[in-house]
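The values are calculated or read from the model by the stated rules, or taken from the named source; none is laboratory data. Computed from a predicted structure; not experimentally measured. Positions of Cβ are generated from backbone atoms using ideal geometry, with glycine treated the same way; all protein chains shown enter the neighbour counts.
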Amino acid sequence: MFGREPQATIVVGALLIVVSLLSSALSGFASVTAFIPAIIGGVLLALGWLALAPARTRTMMHAAAALALLGMLGSLNVLPALLELASGGSGGTMISIVARSATLLLCGGLLGICIASFVRARRTRSGG
């Protein structure tokens, strides 16, 4: 994956937009908060596209990692709902739980890719 982080960022951004649009449509556009993943996804898509230029890759990927962290932290509120759902409760609407879980996984995965890339780059620069 090393060297393909901008493309991964673009894919994750596009997937977040799809998750947002699907959850909004399936819920009957009942909540404006369903568009939060689309906002994060749109910015990630733009950062990934800007990171394709080698002169901007480092800066844009650091910004993408920061946004992925914020998206992941903002989606952690799905964990209590998942625990309630696992124990037989309702936990909220299934559409919301799936959308928040997808956002958590996509942002967490992108953050993991970025951190691994940063570590590899640091080791390459230091010769170790």
So, of the residues in the stretch 1-44 that are of a type in the set (Ser, Thr, Tyr) and within 13 Å of the chain's Cα centre (by Cα), which turns out to be surrounded by the fewest Cβ atoms within 10 Å (Cβ to Cβ)? Ser20
Could you go through the stretch 79-95 and let me know if any residue there is under 17 Å from Leu16 (Cβ atoms), crowded, with 19+ Cβ neighbours inside 10 Å and either touching a helix residue (DSSP H, G or I) at 6+ places or on another chain (Cβ under 7 Å) or among the polar types (S, T, N, Q) (or both). no
Is it true that some residue in the stretch 116-127 is in contact with a helix residue (DSSP H, G or I) (Cβ under 9 Å, 6 or more places away or on another chain) and buried (at least 19 other Cβ atoms within 10 Å of the Cβ)? yes
So Arg125, is it in contact (Cβ under 8 Å) with a residue 40 or more places away in the chain, among the charged types (D, E, K, R) and part of a helix (DSSP H, G or I): no
By residue number, the members of the stretch 63-72 that are within 10 Å of the chain's Cα centre (by Cα) and over 12 Å from Ala102 (Cα atoms) are Ala64, Ala65, Leu67, Ala68, Leu69, Leu70
Considering only the stretch 76-96, state which residues are polar (S, T, N, Q) and either assigned to a loop (DSSP other than H, G, I, E, B) or touching a Lys or Arg at 6+ places or on another chain (Cβ under 9 Å) (or both). Asn77, Ser87, Ser90, Thr93
Against the conditions (1) surrounded by fewer than 17 Cβ atoms within 10 Å (Cβ to Cβ); (2) touching a residue at least 12 places away in the same chain (Cβ under 8 Å), where does Leu110 fall short? Just the number, please. (1)
Among the listed residues Ala51, Ala34, identify the single one that is in contact with a helix residue (DSSP H, G or I) (Cβ under 8 Å, 6 or more places away or on another chain), at pLDDT 95 or above and small (Gly, Ala, Ser). Ala51
